[in-house]
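Peer 1: Could you have a look at this structure, given as structure tokens, before my questions?
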Amino acid sequence: MKERSCSSAALIILAALWSVSAQADWALNMTEGVTEVSRSIYSLHMQIFWICVVIAIAVFSVMFWSIIHHRKSAGAKAEQFHENTTVELIWTIVPVLILVAMAVPATTTLIEMYDTSDSDVDIQVTGYQWKWQYQYLGEDLSFFSNLSTNPDEIYNKVEKNENYLLEVDEPLVVPIGKKIRFLVTSNDVIHSWWVPAFAVKRDAIPGFINESWTRIDEVGIYRGQCAELCGKDHGFMPIVVQAVTDEDYALWLADKKASIAAEVAAAARIWSLEELMERGEKVYQTNCAACHQVGGQGISPMFPALKASAIATKPEQIDEHIKIVLEGRAGTAMQAYAAQLSAVELAAVITYERNAWGNDTGDIITPQSIQSMLKSK
Amino acid sequence: MTSAVGHHHGPATGITRWLFTTNHKDIGSMYLIFSLLMFFIGGSMALVIRMELVEPGLQVVQPEFFNQMTTMHGLIMVFGAVMPAFVGLANWMVPLMIGAPDMALPRLNNFSFWLLPFAFFMLLSTLVMDGGAPDFGWTFYAPLSTTYAPPSVTFFIFAIHLAGVSSILGAINVIVTIMNMRAPTMSYMKMPLFVWTWLITAFLLVAVMPVLAGTVTMMLTDIHFGTSFFDAGGGGDPVLFQHLFWFFGHPEVYIMILPAFGIISQIVPTFSRKPLFGYASMVYATSSIALLSFTVWAHHMFTVGIPLVGELFFMYATMLISVPTGVKVFNWVATMFRGSMTFETPMLFAIAFIVLFTIGGFSGLMLAISPADFQYHDTYFVVAHFHYVLVPGAVFSIMAAAYYWMPKWTGNMYDEYLGKCHFWCSFVGLNLTFFPMHFVGLAGMPRRIPDYSIQFADFNLVSSLGGFLFGFSQLIFVLVVVKCVKGGKKAEAVVWEGAEGLEWQVPSPAPYHTFETPPEVK
Ligand code: HEM
Ligand SMILES: [Cu+2]
């Protein structure tokens, strides 16, 4: 009797839980996705699942039937048999046959997933700590995609929006109905590029390029996340893919190229300290704050402070400061930003670092000086 | 040997008894207590994780500390709790079950235990080091664990070395003991299954722990001596790390489950009052699992981009390994069938093992389907899978063993009511914790993240509440052990009605020295 009280207490907790969150969405299963491959994977998943369910019912019903009928308290006398070759053969061979039956469709799907030939669009996806870079091969177009969730939402100061942690500043835009090949690699540690709706998951490995492909059926926005632990902000580098029609894709390409050209042109004009600071703050938040922290205090000893640091305040270290931002520091998480940011962004962020948090050096780094430094390389 | 020659017949007194002991029972107890301590330390880290995951947003800890918690939790549970617990059980029970007076290499036995406290003291001390503890996951993939690691990684490497040496020495001792010290009439095919599974486990340990040692040494030279085994920039390959790790790692997961199979194969016949069904096929199934376990490692790496042929090979091999695993489950059920069952605490844990481990086996089979693994990999579905095989698998078998043999160890019966309370709370707690993880995993929640998007909130809350229930229920176990050591109803030599085997021929509690002359085996 007494044991009952433990389990009934548990039941009450269960019931309470149920009522607490009865209003919520309890997604249970894998998505079917929007590609042929994702649908075959979904059906493999369901097949193997039902096979397991059937075996489970068979095994557990024999077991519970024995537990109920062959208990000592019900007067059961134990028999002494302990071997039966026929039975043993059956329960070895039957599972093997089931598995062979399962292996056939799995093999077909796998072969399909590995066929990256004859692609229409090629996109190189590069993982960085903690963002993605997309390069459209043959289009001379490349950009970074950062988490755009407001830090106040993360720290529970304001209400979370419905795409919390699954939103970026620049989504990957691709055409529907085309075979898109992804060339996946990394700049630092191993990441993994995963969009469940396409059933594409490929590890991004520094020094190597992995291939994968998809062909999307429907226009829409598809969200995913980095799947391989890649350090501190592994949970904060989502993937957003916007699948559009062919015409929209062409428009978007043209648009995107134009805005990049405008950014280059902007490097030629004169920028005031205020303008640079304003731009610099934005660049800093998306690219630098994850490690050096919003207040510039860093996280000792992995991520050095910039606030009141020699490098960001001493006049004789300006060149050194610029150099580290442009070239990074080998063997650490500090990346070479020359390849990631425009001259304006670089000038702005360095200016910001030299003037924010009471560093107040008054130094202005111009886009032109960045450009000439890059040229001298 | 008489006392006139100056030999001790009882234990020494004071701290030296424990520091210098070469007695398998003392060393076994120390292993078990050590592992229980680690179970609580690793468990509190799990509760920190579950606390942070109660709701979306960052509340309790920062991401960098969260990663340290997941890493340390995994390392401590695997190397500090589960493995030493099984070694402790082997120390206590293998000599008693094969009619040997002690382990074959008693001083080595003492040494292999005393390495462990140092190893784990060093590992835990990284928590207060500058830069924090290891934060790269218990699988410590390079280059996150080399080029990008916190400075404490060197201490982590050394701790793994110490724990590894301890395991290898312990395993050698088990092999030598079983091969040489069996009672003369005990042939291999008369050995109890716990002894069999441990013999096979010990061979696995000797085979793969050196691979782990080699791997961490390569990390060490990459970090400090300028090599680049795992650094593509210097001609190395980060994926090489994963091949080496999982060549160790997959057999390692069987190291954590084969002794459990042995324990269940002892307990189920006892409480069914019926001999184990298919003894020989159990031995063959265990051996084939052990052999196959060397050929499936890349099923952890389906998404790293191994060639199609490799992918297919590892998929087929992994599917195949579930066949002998299934055979074991069928055999246990057939043992219960037409028995005369009673349901004392060890049997409850054993039955829960069979049901819940099988669920873990099913999700394993699903993960084996390589194309589907592209969707499952690195999500909470995998977390659910391995917790189902490790918690109601390995941990429940250890609990079952503790209840089953505790009267033999202490001479007293444990408190059956508290034991059942412990069981039911654990059972409910663990299912609440880990079952919802299947759902969030399938719905797309990656593992090892400190914060998640709002659609996963509800199931995570359930998991967290279940986690706390499970965690705190383990305190009941401590209470049971303390009470049982202190006193209670006196246990007889044959503690359980249906129990068979040499360990029940010695009185309860088992005297300090047993089987000084070998027993007869029927
Ligand atoms: C029927 C037998 C089993 C099969 C077919 C199987 C299959 C798999 C597969 C394919 C994975 C990789 C999943 C992924 O990362 O995407 C996996 C992960 C894992 N399995 Fe199993 N498994 C089985 C039994 C076990 C047992 C008995 C244990 C341990 C007692 C175990 C422990 C683990 C662990 C610890 C991981 C995850 C490691 C990590 O990534 O942290 N499995 N299993
Ligand atoms: Cu494995």
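Peer 1: Keeping all protein chains in position, work out how much accessible area B:His243 exposes to a 1.4 Å probe, and write it in Å² to the nearest 10.
Peer 2: Estimated to the nearest 10 Å², B:His243 gives 60 Å².
Peer 1: Here's another thing I want to ask about it. Give me the distance in nm between label points sitting 7 Å out from Cα along the Cα-to-Cβ direction at B:Leu58 and A:Gln317, one decimal.
Peer 2: 2.5 nm
Peer 1: Okay, moving on. Summing both sides, how much accessible area is buried between B and A? Use a 1.4 Å probe and give Å² to the nearest 100. Before the final figure, lay out each step's value.
Peer 2: Details: alone 20750 and 22490 Å², together 34040 Å².
In total, this chain pair buries about 9200 Å².
Peer 1: Where in the range A:185-218 is the amide nitrogen less than 13 Å from a point lying 7 Å along the Cα-to-Cβ axis of A:Lys256?
Peer 2: Backbone N within reach: none found.
Peer 1: Tell me, what is the 1.4 Å probe accessible area of B:Cys425, in Å² to the nearest 10?
Peer 2: 30 Å²
Peer 1: Additional query: From the alpha carbon gyration tensor of the range B:26-256, can you work out the equivalent ellipsoid semi-axes (sqrt of 5 times each eigenvalue) and give them in Å, largest to smallest?
Peer 2: Numbers: eigenvalues 237, 89, 43 Å².
Equivalent ellipsoid of the range B:26-256: 34, 21, 15 Å, largest first.
Peer 1: Taking B:Lys483 as the anchor, which lysines have their alpha carbon closer than 27 Å to its alpha carbon, excluding any fewer than eight residues away along the same chain?
Peer 2: Once the sequence-local lysines are set aside, what remains near B:Lys483 is A:Lys2, B:Lys25, B:Lys408, B:Lys420.
Peer 1: Evaluate peptide B:334-346: per residue, the Cβ atoms of other protein chains within 10 Å of its Cβ; return the mean as an integer. Please list the in-between numbers first.
Peer 2: Working: counts 10, 3, 8, 9, 9, 10, 10, 11, 3, 5, 0, 0, 0.
Partner Cβ neighbours, averaged per residue: 6.
Peer 1: Counting only other chains, and only Cβ atoms inside 10 Å, what mean value do you get across the residues of B:437-443? Walk me through the numbers on the way to the answer.
Peer 2: On the way: counts 0, 2, 4, 3, 1, 8, 8.
Whole-number average of other-chain Cβ neighbours for B:437-443 is 4.
Peer 1: Between A:Arg329 and A:Ala74, take the C-beta separation as r, use R0 = 56 Å, and let me know the FRET efficiency to the nearest 0.05.
Peer 2: On the way: r = 74 Å, r/R0 = 1.32.
The computed FRET efficiency comes out at 0.15.
Peer 1: Take the Cβ-Cβ distance between B:Met189 and A:Val264 as r, set R0 to 51 Å, and report the resulting FRET efficiency rounded to the nearest 0.05.
Peer 2: The calculated FRET efficiency here is 0.05.
Peer 1: How much accessible area per residue does the range B:336-410 have, counting only protein heavy atoms and a probe of 1.4 Å, in square angstrom?
Peer 2: Working: 1060 Å² over 75 residues.
Ligands and nucleic acids excluded, the figure is 14 Å² per residue.
Peer 1: Does anything in the range A:23-62 have its amide N under 13 Å from the 7 Å Cα→Cβ label point of A:Glu159, and if so which residues?
Peer 2: none
Peer 1: Quickly work out the A:Gln285-to-B:Thr342 label distance, labels modelled 7 Å from Cα along the C-beta direction, and quote it in nm with one decimal.
Peer 2: 7.0 nm
Peer 1: Mind listing the long-range amide H neighbours of A:Val173? Cut-off is under 5 Å, sequence gap 5 or more, other chains count too, H placed in the peptide plane at 1.01 Å from N.
Peer 2: Under 5 Å from the amide H of A:Val173: A:Gln242.
Peer 1: Now a separate question. Averaged per residue, what accessible surface does the range B:26-256 expose to a 1.4 Å probe, in Å²?
Peer 2: Working: 6920 Å² over 231 residues.
That works out to 30 Å² per residue.
Peer 1: Which FRET efficiency value, to the nearest 0.05, is calculated for A:Ala310 and A:Ser376 with the Förster distance at 25 angstrom and r the Cβ-Cβ distance?
Peer 2: Numbers: r = 24 Å, r/R0 = 0.96.
The value I calculate is 0.55.
Peer 1: Going by accessible area, probe 1.4 Å, with all protein chains left in place, what is the ranking of A:Tyr155, B:Tyr376, largest first?
Peer 2: Details: A:Tyr155 95, B:Tyr376 0 Å².
Ranked list, largest accessible area first: A:Tyr155, B:Tyr376.
Peer 1: Expressed as an acute angle from 0 to 90° and rounded to the nearest 10, what is the orientation of the C-alpha long axis of helix B:380-389 relative to the principal long axis of chain B?
Peer 2: The helix B:380-389 is inclined about 10 degrees to chain B.
Peer 1: Let me ask you something else. Run the accessible area of chain B with a 1.4 Å probe and give the carbon-and-sulfur part as a rounded percent.
Peer 2: 72 percent
Peer 1: Another question about this same structure. Among the listed pairs A:Lys179/A:Lys323; A:Lys72/B:Lys490; A:Lys232/A:Lys375; A:Lys157/A:Lys256; A:Lys257/A:Lys314; A:Lys256/A:Lys307, give every one whose C-alpha distance is greater than 32 Å. Intermediate results must be reported in sequence, preceding the final value.
Peer 2: Numbers: A:Lys179/A:Lys323 41 Å; A:Lys72/B:Lys490 24 Å; A:Lys232/A:Lys375 34 Å; A:Lys157/A:Lys256 34 Å; A:Lys257/A:Lys314 38 Å; A:Lys256/A:Lys307 35 Å.
Where the Cα-Cα span goes over 32 Å, the pairs concerned are A:Lys179/A:Lys323; A:Lys232/A:Lys375; A:Lys157/A:Lys256; A:Lys257/A:Lys314; A:Lys256/A:Lys307.
Peer 1: Give me the residues in the range B:352-390 whose solvent-accessible area, probe 1.4 Å, is reduced by at least 40 Å² once all protein chains are included instead of the chain isolated.
Peer 2: B:Val355, B:Phe362, B:Leu365, B:Met366, B:Ile369, B:Pro371, B:Phe374, B:Gln375, B:Asp378
Peer 1: Summing Lys, Arg as +1 and Asp, Glu as -1, what charge do residues with Cβ under 12 Å from the Cβ of A:Glu281 carry, A:Glu281 excluded?
Peer 2: Numbers: positive: A:Arg279, A:Lys282; negative: A:Glu274, A:Glu275, A:Glu278, A:Glu345, A:Glu353.
With Lys, Arg at +1 and Asp, Glu at -1, the net is -3.
Peer 1: So which chymotrypsin sites (Phe, Trp or Tyr not before Pro) in the range B:61-165 are both in a DSSP loop and have at most 14 other Cβ atoms within 10 Å of their Cβ?
Peer 2: Sparse-neighbourhood loop chymotrypsin sites (Phe, Trp or Tyr not before Pro): none present.
Peer 1: Based on the mean of other Cβ atoms within 10 Å per residue, sort peptides A:289-299, B:223-233, B:339-349, A:31-41 so the most packed one is first. Spell out each step's value before the answer.
Peer 2: Working: A:289-299: 17.5, B:223-233: 16.0, B:339-349: 23.1, A:31-41: 20.3.
Descending mean neighbour count gives B:339-349, A:31-41, A:289-299, B:223-233.
Peer 1: State, in angstrom, two size descriptors of the range A:268-375 derived from its alpha carbons: Rg to one decimal place and Dmax to the nearest whole number.
Peer 2: 12.6, 39
Peer 1: How far, in degrees from 0 to 90, does helix B:106-125 lean away from the longest principal axis of the Cα atoms of chain B, to the nearest 10?
Peer 2: 30 degrees
Peer 1: A follow-up question, please. Simple spin-label model, 7 Å along Cα-to-Cβ: B:Val206 to A:Ser300 in nm?
Peer 2: 5.0 nm
Peer 1: Sort B:Val495, B:Val195, A:Val54 by accessible area with a 1.4 Å probe, largest first.
Peer 2: On the way: B:Val495 25, B:Val195 0, A:Val54 95 Å².
The residues order as A:Val54, B:Val495, B:Val195, largest area first.
The values are calculated or read from the model by the stated rules, or taken from the named source; none is laboratory data. All figures in this text were calculated on a predicted structure; none of them were measured in a lab. Note: ideal-geometry Cβ built from the backbone for every residue, glycine included; neighbour counts use all protein chains shown. Remember, those area values only see protein heavy atoms, side chains included, never the ligands or the DNA or RNA. Shrake-Rupley method; radii C 1.70, N 1.55, O 1.52, S 1.80 Å.
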